[in-house]
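The values are calculated or read from the model by the stated rules, or taken from the named source; none is laboratory data. All of these numbers come straight from a predicted model, not from anything done at the bench. In this analysis, Cβ positions are derived from the backbone assuming ideal geometry, glycine residues included, and neighbour counts consider all displayed protein chains. Heavy atoms of the whole protein, side chains included, go into the accessibility calculation; ligands, DNA and RNA do not. Shrake-Rupley method; radii C 1.70, N 1.55, O 1.52, S 1.80 Å.
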Amino acid sequence: MTLTSLRSNVRRLYEGATPSGVRFRYALLAFDIVTVLFIIATSFLQPSEIIETLDVLFGVMLLADFSARLLVDRHPFRKFTEIATWADMVAIVSFLAPLAGEAGGFLRILRTLGLLRDYQMLVRLRLDSPFFRRNEEVIFAVTNLAVFIFVMTGIVYETQKFRNDEIRNYADALYFTVTALTTTGFGDITLSGTVGRLITVVIMIFGVTLFFNLARALLSPNKVRFPCPACGLQRHDADAVHCKACGKILNIPDEGAI
């Protein structure tokens, strides 16, 4: 098999509309979700041979996926200008390299940055899932908030575990992150020093912003994605007859009452 034919076959899996390509991308999405759940679960556990073996297995699969994406990309070098690409590389190294459990756990959290970023997968979900179409903004708001919480939890834990007696494990770091994000501020756990205060400020400012974004997505009127044939406006009220931007009559598909 030549490199050209290999690239063509792999591209059909990653970008094609064939049934096998669709199933493959759903399998990748399921794998991403399982990987994130594994990262979160093992962050609360003590290192063991089983976890280290699973680390290597996940790392090999992530490396294969990363290599395949570079192979099919028409401009592979541009990928290295994206933060998500570097996050994937660091996450892969943290799975494969013999990093002592917990430090590696923090680096693996970077893998969550890639969840639901695949354009082809998003298009497929919009086509196949009425639930995703109705709740796309909420799903993205929840995902962004969850990613932020677990990334900041990792940062809090790694920067405080040797200097703060109140941060003994990931659960303590997660508890502090959530209380800071919600501005509850019970005061039973605090981060000392300039670095600790700066981390707290970042959690409060960006966390509250993401939290309000989730609230807005939950409380705002339901929107549907349908490109206006005249001006191209993408999102409209579910029962819209005319485009709010240009007044063009819309013909939004209606799935009927549920």
Exercise for the section: Using a Gaussian network model of the chain whose springs link C-alpha atoms within less than 10 Å, name the residue from T18, T209, T182 with the highest mean-square fluctuation. Expected result: T18
Fill in the blank from the handout: Measure of exposure for S5: accessible area at 1.4 Å probe, Å² rounded to 10, is 40
Completion exercise
Two pseudo-spin positions, 7 Å from Cα along C-beta at R78 and at V142, lie apart in nanometres by 3.3
Completion exercise
Taking a crude spin-label model, label points 7 Å out from Cα along the C-beta direction, the S48 to S67 distance in nm is 3.1
Problem - Among T177, T143, T53: highest mean-square fluctuation, GNM of the chain, C-alpha pairs under 10 Å - result: T53
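Heavy atoms only, probe 1.4 angstrom, no DNA, RNA or ligands counted: give me E136, E158, E82, E52 ranked by accessible area, highest first. Write out the running numbers ahead of the final one.
Details: E136 10, E158 45, E82 80, E52 105 Å².
Order by accessible area, largest first: E52, E82, E158, E136.
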Problem - Å² per residue, accessible surface of the chain at 1.4 Å - result: 58
Fill in the blank from the handout: What the 5 Å binned alpha carbon P(r) of the chain shows, as percent of pairs per bin from 0, is 1, 5, 10, 13, 14, 14, 13, 11, 8, 5, 3, 1, 0
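Between R12 and T190, what length comes free when the chain is fully extended (0.36 nm per residue of separation minus the Cα-Cα distance, one decimal in nm)?
Values: separation 178, 0.36 × 178 = 64.08 nm, distance 5.12 nm.
Length gained, R12 through T190: 59.0 nm.
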Fill in the blank from the handout: If the chain between N222 and K248 were fully extended at 0.36 nm per residue, the gain over the current Cα-Cα distance would be 7.4 nm
Fill in the blank from the handout: Two pseudo-spin positions, 7 Å from Cα along C-beta at A27 and at I205, lie apart in nanometres by 4.5
Practice task
Could you work out which residue, out of L219, L71, L181, moves most in a Gaussian network model of the chain, that is, has the largest mean-square fluctuation with Cα springs under 10 Å?
Solution key: L219
Completion exercise
With Rh as the Kirkwood radius over Cα pairs, segment 136-203 has Rg/Rh of 1.00
Fill in the blank from the handout: Counting only protein heavy atoms with a 1.4 Å probe and every protein chain in place, the carbon and sulfur fraction of the accessible surface of the chain in whole percent equals 67
Exercise for the section: Apply the membrane-span-like helix rule to the chain: whole DSSP H runs, Cα extent along the own long axis of at least 30 Å, mean Kyte-Doolittle hydropathy at least 1.0. List the helices found. Expected result: 19-42, 49-72, 136-160, 193-219
Practice task
Compute all pairwise cysteine Cβ distances in the chain, then list the cysteines with no distance under 4.7 Å to another cysteine.
Solution key: none
Problem - Projected area averaged over orientations for segment 1-94, convex hull of C-alpha atoms, nm² - result: 7.3
